[in-house]
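Participant: Pasting a structure below so you can have a look.
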Amino acid sequence: TSSMPNPRRSVLLAALMLFAIWAVRSFERVMADQNGLVLFCLGVLFAALILLRHKDRLTQGRAAGAFVPWIAGVGAVAALAGVVLKVHQLEWLGMIAVFYACLRWALPPRHGRDIVLALFLLYWANPLPGAFVGKAQMAMQKLSVQGAEWLLQVLNVRVWADGFFLRTGYHVFGVPEACSGMRTAATVMVCTLGVGVLMRLRRVETAALLA
């Protein structure tokens, strides 16, 4: 930041201070969530590494357009509404929009793509809504039961699905007890995407690594 003009440096420092304030306010909520601390640390770590990694000075990016102040304004309103209404996801999405506007304006144009990737990974630092996690986990468990039933029948194993259980006639396997859950899946996804971005893998390679 030493070579930055003072206004841009001030905006960057303001964004960092804003994130620090949010982290202090949300610390107990993050710690209370399953895998919350792990996701928080991974999101912050990968976002920082992506933003700080070497950028080719010959790479030309798009300069921050007139839409950036609008993003900052909408994000600020959304964050304030989230605080007032106590809707944490709305607050966090508003903060992400404000972070994007600050970083987009403060950093050189060649950082544009990395800013988007870094903030996407940083998004997962905030715990997912319980209602969403519950529904997603139910869907994952149902898909696991159906997939396991199909695969075992292809292998000529007599098995049938009964709700969230697989029955073989001799044994009963409960998928809810064996399924790692949505939050663990989010942790694996953040790690995989973070490594893929840092290694500059192509989309196909990252998708294969994620699978």
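Participant: Do you know which residues across segment 57-90 are in a loop (DSSP other than H, G, I, E, B), surrounded by 12 or more Cβ atoms within 10 Å (Cβ to Cβ) and modelled with pLDDT of 85 or more?
Facilitator: First, the residues of segment 57-90 that are in a loop (DSSP other than H, G, I, E, B): 57-66, 86-87.
Those still in the list that are surrounded by 12 or more Cβ atoms within 10 Å (Cβ to Cβ) too: 59, 61, 64, 87.
The one that is in a loop (DSSP other than H, G, I, E, B), surrounded by 12 or more Cβ atoms within 10 Å (Cβ to Cβ) and modelled with pLDDT of 85 or more: VAL87.
Participant: Considering only helices (runs of 4 or more DSSP H) fully contained in segment 2-56, which possess at least 3 residues that are modelled with pLDDT of 85 or more, touching a Gly at 6+ places or on another chain (Cβ under 9 Å) and surrounded by 15 or more Cβ atoms within 10 Å (Cβ to Cβ)? Step through it out loud before you land on a result.
Facilitator: Working: elements: 6-25, 27-32, 36-52.
By residue number, 36-52.
The values are calculated or read from the model by the stated rules, or taken from the named source; none is laboratory data. If you're wondering where the values come from, they're calculated on a predicted model, not measured in any experiment. When we count neighbours, we look across all protein chains shown, and the Cβ atoms used for this are built from the backbone with ideal geometry, even at glycine.
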